[in-house]
Amino acid sequence: MYYDIVFSSCNIDGSLVSRLGFSKIGVIPDSIAFLDLEKQGVGKERKVIASGPAGKLISAANMGVAAVYLKGMEADKKLMASLADNGVALCISLSDITENDGLRRSHTIFKAGRLLSSARKNGVDIAFVTLARSRSSMCSYMQIVELAKLIGAEESYARKSISEVNGRLVV
């Protein structure tokens with residue numbers, strides 16, 4: 001059973017979910033809240049993915065969000081420690097890779113690899129998700145596995161991530 005998370009602008013339906021090989025796709029903001037901490041604060045909801053700079057994400061992790069998406073993918077030791085201590089997953093958005101090209105894509109792959117390595121060293125759960133904003137940016141579960149491998153994850157870890165970690169966020 002594999003899971004992904006996308007924005008509502010993808011207009012997904014049941015047949016698309018199964019064609020891509022997922023059991024379920026979580027939709028932001030319908031079933032999962034996505035908060036840009038540079039624009040708003042964290043509420044009381046548990047199924048929240050917080051986005052923003054590292055400093056604000058540390059506070060969000062301490063408040064009990066389910067996951068964080070680190071803008072810019074710059075690894076921060078204090079953030080990684082806070083995520084690990086609070087059991088908060090780190091979302092690595094694969095659309096950041098697929099929606100770029102050339103040097104920007106190469107740079108994003110490099111930064112995602114460093115972020116993955118830092119998170120794994122600190123015992124942080126990784127959620128490999130597309131966070132797609134359009135159908136053309138969506139990936140099948142196998143494409144997610146391959147992109148995760150591209151940035152340095154082992155296949156077994158990538159599969160566990162899109163099954164177990166993503167499942168906790170979606171179900």
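The values are calculated or read from the model by the stated rules, or taken from the named source; none is laboratory data. No experiment lies behind these values; they were computed from the predicted model shown. Positions of Cβ are generated from backbone atoms using ideal geometry, with glycine treated the same way; all protein chains shown enter the neighbour counts. Note: accessible area is taken over every heavy atom of the protein model, side chains too, but ligands, DNA and RNA are not part of it. Shrake-Rupley method; radii C 1.70, N 1.55, O 1.52, S 1.80 Å.
Ranking 115, 93, 20 by how far each Cα lies toward the positive end of the dipole of the stretch 3-170 (charges on Cβ) leaves 115 at the top.
Among the listed values (1) 17; (2) 67; (3) 11, the one computed from these coordinates for percent of Cα pairs over 29 Å apart is (3).
Applying 0.36 nm per residue to the separation of residue 23 and residue 154 and subtracting their alpha-carbon distance, the gain on full extension is 45.0 nm. Candidate cross-link partners of residue 39 among the lysines, defined by an alpha-carbon separation under 16 Å and a same-chain spacing of 8 or more, comprise 56, 71. Remark on residue 28: its backbone amide H falls under 5 Å from those of 6, 7, 8, a criterion applied only to residues 5 or more positions apart or on other chains, H modelled at 1.01 Å from N.
The phi-based Karplus calculation (6.51 cos²θ - 1.76 cosθ + 1.60; θ = phi - 60°) puts the 3J(HN,Hα) values of the stretch 110-120 at 4, 5, 5, x, 5, 5, 4, 4, 5, 5, 5 Hz, whole numbers, x for Gly and Pro. A 1.4 Å probe run over the stretch 3-170, with the rest of the protein chains in place, finds 47 Å² accessible per residue.
Projected over all directions and averaged, the alpha-carbon convex hull of the stretch 125-171 occupies 3.3 nm².
Expressed as a whole percentage, what fraction of the accessible surface of the stretch 3-170 belongs to carbon and sulfur atoms when a 1.4 Å probe is rolled over the protein heavy atoms? Please report the intermediate quantities before stating the final value.
Values: 3850 of 7840 Å².
Result for the stretch 3-170: 49 percent of the exposed heavy-atom area is carbon or sulfur.
Going 7 Å from the Cα of residue 110 toward and past its Cβ, which residues in the stretch 51-82 have a backbone nitrogen under 19 Å from where you end up? Only 71-76 pass the distance filter.
In this structure the amide hydrogen of residue 127, modeled in the peptide plane, comes within under 5 Å of the amide hydrogens of 90, 91, 92, none closer than 5 places in sequence on its chain.
The simple Förster model, with R0 at 45 Å and r as the Cβ-Cβ distance, assigns residue 16 and residue 85 a FRET efficiency of 0.75.
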